[in-house]
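A.B. asks: The structure's right below; bear with me while I get my questions together.
Derivation of every value follows stated rules applied to the coordinates shown; laboratory data play no part. Values in this document were obtained by computation on a predicted structure and should not be read as measured data. Here the Cβ is made from the backbone with ideal geometry for all residues, glycine too, and neighbour counts use every protein chain on show.
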Amino acid sequence: MNKIAILKIDMEVSGFISALHPVIVSDDQEMVLFDCGHKDAFNQLSHSAFLAGFDLNKLTKVIITHHDHDHMGCLADVKREYPWIKVYASAIEAAYIRGDVKSVRLQQAEEQLELFPEDQKQHAQKRVDMLRLIEPVEVDEVLEDGDTLDICGGIEVVATPGHLPGHISLYLRELKTMIAGDALVVADGKLYRANPRFTLDKDDAYTSARRFINYAIDTLICYHGGAITENIKESLESL
């Protein structure tokens, strides 16, 4: 029997608290975590999983939708605590997760640092320092568009570039659930396109979001904003 839980992790952003929503899915053999939170999120992650009835000591796999710090920041802690787990990501994102290529966000932050006025540089420098502290983690398996993991009722990889070039979403076939990552966001119960401020290619992001129309989706889960379960197709068509 497949079980699913939408977790909640709090992250402070510019003095405000923002909720992040990793997902856990399990069957009789496997337990899969989709994204894991920011650098200091491990305790929140494990507690949220516990409250949802999941024992992370049974975790077998972690799938990372993309390498942004709020999605993989505590991945090294997860791997240290559960060294047997396998980490999955797309080929493009794997290079960043492993540390072979500098994080896109760190590149942006370093380039923009000198553009800030002096009274704002300290805050900008803190972001650079935070991003530099993200530990690389080995990726065990590379995922491609259309790949299906024959676990938890079937987990299909859906390439959704735009927010970042290697971003992926995951479709849970038996549960008819789309884990969108940052391909879309939910705000006030409504579905919106990926945040343009953090989207590298807006045209790709729009095309990626439209791909979801072709799936039978009963629940659509966004990392920022959580889940929607009503009028999903109509919401996607009106993006």
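A.B. asks: Please label the shape of the range 135-239 as rounded, prolate or oblate, based on the square roots a ≥ b ≥ c of the eigenvalues of the alpha-carbon gyration tensor (a/c under 1.5 means rounded; beyond that, a/b larger than b/c means prolate, else oblate). Walk me through the numbers on the way to the answer.
C.D. replies: Details: a/c = 1.69, a/b = 1.13, b/c = 1.49.
Oblate.
A.B. asks: Restrict the search to the range 138-188; then list the GluC sites (Glu not before Pro) that DSSP places in a loop and that have at most 15 other Cβ atoms within 10 Å of their Cβ.
C.D. replies: Here the GluC sites (Glu not before Pro) that fit, given the DSSP loop and packing criteria, are 138, 144, 174.
A.B. asks: Tell me the relative contact order for the chain as a rounded percent, counting alpha carbon contacts under 8 Å between residues six or more apart. Walk me through the numbers before you get to the answer.
C.D. replies: Values: 490 pairs, mean separation 36.1, N = 239.
After rounding, I find 15 percent.
A.B. asks: Using alpha carbon centroids, what distance separates the range 1-70 and the range 76-154, in Å?
C.D. replies: 16
A.B. asks: Just to confirm my numbers, what's the Cα centroid distance between the range 158-175 and the range 193-239 in Å?
C.D. replies: Cα centroid of the range 158-175 versus Cα centroid of the range 193-239: 10 Å apart.
A.B. asks: Follow-up question, since we're still on this one. For the range 48-197, report the convex hull volume of the alpha-carbon atoms normalised per residue, in Å³, without decimals.
C.D. replies: Hull volume normalised by residue count: 150 Å³.
A.B. asks: Can you tell me which lysines have their Cα less than 22 Å from the Cα of residue 176? Leave out same-chain residues fewer than eight positions away.
C.D. replies: Reachable lysines: 3, 8, 61, 190, 233.
A.B. asks: Now, a different point. Of the peptides 163-169, 191-197, 92-98, 22-28, how do they stack up when ordered by the mean number of other Cβ atoms within 10 Å, highest first?
C.D. replies: Numbers: 163-169: 25.9, 191-197: 16.1, 92-98: 21.4, 22-28: 19.9.
In descending order of packing, they fall as 163-169, 92-98, 22-28, 191-197.
A.B. asks: Next question. Using amide H atoms built in the peptide plane, which far-off residues or other-chain residues are under 5 Å from residue 63 H to H?
C.D. replies: Under 5 Å from the amide H of residue 63 lie the amide H atoms of 33, 34, 35, 88, each far enough along the sequence or on another chain.
A.B. asks: Then there's this: Rounded to the nearest 5, what % of the DSSP beta bridges within the chain are antiparallel ones? Walk me through the numbers on the way to the answer.
C.D. replies: Details: 30 of 43 bridges.
For the chain, the DSSP antiparallel bridge percentage is about 70.
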